[in-house]
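For reference, the structure discussed in these notes is given below.
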Amino acid sequence: MASAAQTPVDTLEELLAARFSCRAFKPDPVPRATIERILAAAQKTASWCNSQPWRLEIASGDATKKFREVMYAAASSGKPNTGDFPFPREYRGVYLERRRESGFQLYNSLGIPRGDKAGYARQALENFNFFGAPHVAIVHTDEALGVYGAIDCGGYLMSFMLAAQALGVATIPQAALAFHSEVVRAHFGLGDDRRVVCGISFGYPDHAHKANSYRTTRAGLAETVTFADE
C-alpha cells in the first residue's frame, strides 16, 4: 500500500519498474469487472486529434482456446507472414545488442543453449500458445490512419499494461500475433480496412516459472536523450 507521502509519480515509477513481459500465466481467468476497469483506464489514452483509433477483440474461455488453435496452426505450418506493418528492415548497433541480450536472457532462463536454433524456434511458437494466458486481445486500427493510427495504438497499449499491472494482472505485448493478420481478420470477422497492430496476452502471472525469472535492462538517459539549452 502506498504511503501518505507517496506522490503520483512515485506510483507511476513503481508500476513501470514492476511491469514485465510475462511468458508464463496461471490458467485462472481475470474477472470481467477487472478487465473492464483496465479498458476504462486505457481509454483515457491521448491520441492524434482525439481520434482514439484503437479497437480490441478480446478472447476469453473457449474463445481463447479456439483462437490459440487457429494461430498455432498458422505459425507452425510455415504459413508466410502477412503482417499489415513491415517488420524492421534491420536491427543494428545498440538495437541489435539489446535485442540479443533480451533473447539470451530468456533462453538462459529456460536452459536453451546458445546456438540451439531448434530450441529458439520452439520457444518462438509459444507466442501462439499465448504463453498459457487465459485472455488475449487483438489491437487493430483503421487503414486510412496509417502510421498515426498505429502510434496511437502504441500509447493505448502502454496504458493498458500499466492499468493491468496496477490491478495485479500481468501482460505481454505480442507483435508475433500480427504476423498473420489475414488469419486474425478472418477469425474475428474484421473488415479489410482494419489493420492488426499487435496482440496482448494477459492473466495472472506464474512467478514460479523460469521464463518469468529475469528482467531486461534499460538504457540510461545519456544513451537516449540530448538536451539543448542554448
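I'm trying to understand the selection: among the residues of region 157-182, which are assigned to a helix (DSSP H, G or I) and closer than 22 Å to Phe128 by Cα? Residues satisfying the conditions are Leu157, Met158, Phe160, Met161, Ala164, Ala175, Ala176, Leu177, Ala178, Ser181, Glu182. Applying the set (1) surrounded by fewer than 16 Cβ atoms within 10 Å (Cβ to Cβ); (2) among the basic types (Lys, Arg); (3) under 19 Å from Ile58 (Cβ atoms) to Arg195 leaves exactly one unmet item: (1). Here region 76-113 is the region considered, the condition is being surrounded by fewer than 11 Cβ atoms within 10 Å (Cβ to Cβ) and among the charged types (D, E, K, R), and the residue that is farthest from Tyr148 (Cα to Cα) is Arg92. Annotation note: Cβ proximity below 8 Å between a residue of region 1-30 that is loosely packed, with under 15 Cβ neighbours inside 10 Å and a residue that is of a type in the set (Asp, Glu) (sequence gap 6+ or interchain) occurs for Ala2/Asp10.
Residue by residue, here is whether (1) in contact (Cβ under 8 Å) with a residue 24 or more places away in the chain; (2) in contact with a helix residue (DSSP H, G or I) (Cβ under 9 Å, 6 or more places away or on another chain); (3) farther than 14 Å from Leu56 by Cβ holds:
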{"residue": "Gln105", "(1), (2), (3)": "yes, no, yes"}
{"residue": "Ile151", "(1), (2), (3)": "yes, yes, yes"}
{"residue": "Met161", "(1), (2), (3)": "yes, yes, no"}
{"residue": "Gln165", "(1), (2), (3)": "yes, yes, yes"}
{"residue": "Ser201", "(1), (2), (3)": "yes, yes, no"}
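Filtered by the rule that a residue be touching an Asp or Glu at 6+ places or on another chain (Cβ under 9 Å) and closer than 18 Å to Ala124 by Cα, region 185-219 gives Ala211, Asn212, Thr216.
Throughout, read-outs are computed from the coordinates displayed, never taken from laboratory work. Because the structure is a prediction, the values reported are computed rather than measured. Note: ideal-geometry Cβ built from the backbone for every residue, glycine included; neighbour counts use all protein chains shown.
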